[in-house]
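S.K.: Take this structure, written in structure tokens, and hold onto it; I'll ask about it next.
The values are calculated or read from the model by the stated rules, or taken from the named source; none is laboratory data. What you see is a predicted model, and the numbers here were worked out from it, not measured in a lab. Note: ideal-geometry Cβ built from the backbone for every residue, glycine included; neighbour counts use all protein chains shown.
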Amino acid sequence: MWRPAGADSTVTLAFSYNGFPTITTIDPSKNYLIGNRDGLTFRDILLANLMYGCVASWESSCGKSSSSCGGEGYIGASCSCVCPPDRTGNNCQTQIPPPAVAEDGCTQTITTEKTFTSPSTYPLRCTVDIQAPACHTPVIKFTQFRLYQKITCENNQACCYHDSLELRENYPNTAPDMYCNTDLAGQTVTSNSQRVVLFYHKRWASAQLAADITFARVPGCTTDTSSPTSTTSTTSTTSTTSTSTSTSSSTTDISTTTTAPPPPPRCTIEVHNGVFYWISPLFDDNYPDGGRCRVYGGSTTAAFHMKSIVFDLDPTDCEDYVMVTSLFGKTQKFCGSKSKINFKSPSFNFILDFVTNDMDNSMGFNISLIPRITPNPDCHEVITLEAGQEYTLDSPFFGQGKVKTKAYCEWRLVAPEGSNIQVKQLISRLKPSSDCMKDFLLLNGNMEKLYPPATSLQYCNKFNTMDVMTTDTNMLYVAYQKKRAKTKGFRLIAMVV
């Protein structure tokens with residue numbers, strides 16, 4: 001079944017040669033809509049309801065038609081319109097501003113000199129569109145710049161993952177520069193174009209970003225135009241694509257028969273009976289040389305099971321590989337043709353990468369990505385707590401003898417807004433291990449689904465301790481994996497404070 005390629009698609013795929021963003025929106029203020037990884041979107045839910053005939057059934061039982069709902073709204077189980085996120089009203093008749101613009105106070109267009117300070121809220125995705133007057137260029141002096149440090153990504157290269165500032169001059173026609181850590185602390189960036197767009201992604205609570213924005217006059221410029229385009233007038237004359245541009249004064253003829261080169265082959269995702277199938281580019285032939293494909297998973301109520309159906313990569317030095325990044329930054333690499341992937345994790349939150357070199361290649365892969373909605377034991381739950389409430393969370397089989405049953409669990413404790421959750425006591429009966437790969441317990445109080453090591457706690461031993469932690473938010477994430485019979489679980493006692 002086909003559906004529009006909207007900005008709210010859940011699964012985002014890329015085939016990149018340098019690890020930088022491969023897709024962006026024409027309108028920079030809408031860039032926050034892509035790559036959010038927040039779970040099922042409106043269109044994902046609509047697609048599932050259409051595929052299984054739910055919408056038709058509701059229309060029949062309610063005696064209503066979805067055509068009465070504005071936008072892409074449809075009749076739901078309650079016989080009322082289910083509206084897309086940009087509409088409201090009984091019939092989805094009223095359009096509303098994008099949530100990121102309405103709530104975070106960060107996405108904005110700047111046309112006068114001012115000081116920009118990012119909000120303290122997180123996670124945060126916002127766009128700052130800086131447009132200088134005619135014959136001027138933006139000057140950005142970073143008075144605060146403290147983002148999360150770089151981590152090691154593919155090919156042992158450092159990259160900005162948790163926090164990042166993407167700086168785009170002459171948007172969207174130029175490649176971005178990416179910064180994090182303290183890369184721009186105390187630095188001044190003077191643009192060569194009239195427009196600079198900043199894309200700021202914040203996942204770390206302590207991240208700080210502030211800048212003084214001024215405009216510098218371009219020497220010798222006398223153009224009397226207010227259009228926020230590049231100050232260099234010849235950049236469009238070398239264009240060899242059929243993509244439309246906003247330039248109207250070029251004197252160079254561009255052939256109308258010139259077309260853009262075909263896009264590189266991409267990985268694909270197929271969905272059958274609730275299972276996702278991740279398929280390499282040109283599967284069953286030879287995948288392309290020198291590229292990268294990435295996919296993210298996101299869910300609050302499922303464990304993760306990855307299993308290979310077909311897996312055939314060039315085995316030379318494991319330079320062509322699939323790598324899974326799961327909770328707490330744990331990674332596992334698969335390569336060659338003998339790898340039989342059978343990977344499990346407590347959470348359907350993950351990052352998958354397919355990386356190839358510039359040499360030999362092979363058939364590729366078809367890998368199933370299975371969300372275990374009701375694993376055995378069933379231990380995925382969102383638990384709502386009241387103000388002042390004390391709650392005891394016991395893992396499956398806590399305190400029992402040897403139990404061979406494996407467990408992949410995740411709980412999310414939610415306190416009222418403005419509250420925090422204190423872990424008063426933690427009793428662990430996990431069989432000790434040096435690498436915490438088989439059995440482990442993870443805690444995160446920053447609403448970070450991948451439990452990054454810098455802001456999460458990991459345990460894989462036996463102990464009984466008090467006053468473990470207090471969350472920075474009103475939520476506590478708990479992930480637990482048990483593979484060995486001698487691991488006897490844990491007990492966690494929490495209180496809303």
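S.K.: Does residue 368 meet the test of being under 23 Å from residue 273 (Cβ atoms), buried (at least 17 other Cβ atoms within 10 Å of the Cβ) and either of a type in the set (S, T, N, Q) or at pLDDT 95 or above (or both)?
M.R.: No; evaluated as a whole, the condition is false for this residue.
S.K.: Is it the case that some residue within segment 383-392 is within 28 Å of the chain's Cα centre (by Cα) and β-branched (Val, Ile, Thr)?
M.R.: Checked against the condition, which is being within 28 Å of the chain's Cα centre (by Cα) and β-branched (Val, Ile, Thr), segment 383-392 yields at least one hit.
S.K.: Filter segment 207-225 down to the residues that are loosely packed, with under 14 Cβ neighbours inside 10 Å and farther than 15 Å from residue 113 by Cα, then identify the one that is modelled with the lowest pLDDT.
M.R.: The residue in question is 225.
S.K.: Something else about it: Being modelled with pLDDT under 95, assigned to a loop (DSSP other than H, G, I, E, B) and among the polar types (S, T, N, Q), is that true of even one residue in segment 412-426?
M.R.: no
S.K.: Same structure again: Among the residues of segment 61-78, which ones are outside any loop (DSSP other than H, G, I, E, B) and under 30 Å from the mean Cα position of the chain (by Cα)?
M.R.: Residues satisfying the conditions are 74, 75.
S.K.: Considering only segment 389-411, state which residues are in a loop (DSSP other than H, G, I, E, B) and touching a Lys or Arg at 6+ places or on another chain (Cβ under 7 Å).
M.R.: Answer for segment 389-411, where residues must be in a loop (DSSP other than H, G, I, E, B) and touching a Lys or Arg at 6+ places or on another chain (Cβ under 7 Å): 397, 398, 399, 400, 402, 406.
S.K.: Could you check how many residues of segment 290-311 are at pLDDT 85 or above and assigned to a loop (DSSP other than H, G, I, E, B)?
M.R.: Result for segment 290-311: 1.
S.K.: Follow-up. Give, as residue ranges, the strands (runs of 3 or more DSSP E) completely inside segment 446-497 that count at least 1 residues that are in contact with a Pro (Cβ under 6 Å, 6 or more places away or on another chain). Walk me through it before giving the result.
M.R.: Details: elements: 456-459, 462-470, 475-482, 490-496.
Qualifying strands (runs of 3 or more DSSP E): 475-482.
S.K.: In segment 423-457, which residues are closer than 20 Å to residue 206 by Cβ, in contact (Cβ under 8 Å) with a residue 40 or more places away in the chain and polar (S, T, N, Q)?
M.R.: Matches in segment 423-457: 446, 455, 456.
Let's see how each residue does on (1) at negative phi; (2) of a type in the set (A, V, I, L, M, F, W, C); (3) modelled with pLDDT of 95 or more; (4) surrounded by 17 or more Cβ atoms within 10 Å (Cβ to Cβ):
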site	(1), (2), (3), (4)
393	yes, yes, yes, yes
401	yes, no, no, no
406	yes, no, no, yes
435	yes, no, no, no
451	no, no, yes, yes
486	yes, no, no, no
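S.K.: Out of (1) at pLDDT below 50; (2) not in a loop (DSSP other than H, G, I, E, B), the odd one out for residue 232 is which?
M.R.: (2)
S.K.: Could you check segment 342-358 and list, in sequence order, the residues that are farther than 19 Å from residue 439 by Cα and out of contact with any helix residue (DSSP H, G or I) (no Cβ under 7 Å at 6 or more places or on another chain)?
M.R.: Passing the criteria: 351, 352, 354, 356, 357, 358.
S.K.: Wholly within segment 87-186, which strands (runs of 3 or more DSSP E) include no fewer than the required count, namely at least 2 residues that are modelled with pLDDT under 90 and surrounded by fewer than 20 Cβ atoms within 10 Å (Cβ to Cβ)? Working first, answer last.
M.R.: Details: elements: 108-110, 114-117, 124-131, 136-146, 164-169, 177-179.
Filter on segment 87-186 gives 177-179.
S.K.: Is at least one residue of segment 417-431 more than 23 Å from residue 475 (Cα to Cα), surrounded by fewer than 19 Cβ atoms within 10 Å (Cβ to Cβ) and charged (D, E, K, R)?
M.R.: Yes, that holds for at least one residue.
S.K.: Would you mention how many residues in segment 326-352 are surrounded by fewer than 19 Cβ atoms within 10 Å (Cβ to Cβ) and touching a strand residue (DSSP E or B) at 6+ places or on another chain (Cβ under 7 Å)?
M.R.: Number of matching residues: 12.
S.K.: Answer with yes or no whether residue 412 is under 30 Å from residue 124 (Cβ atoms) and either surrounded by fewer than 21 Cβ atoms within 10 Å (Cβ to Cβ) or in contact (Cβ under 8 Å) with a residue 24 or more places away in the chain (or both).
M.R.: yes
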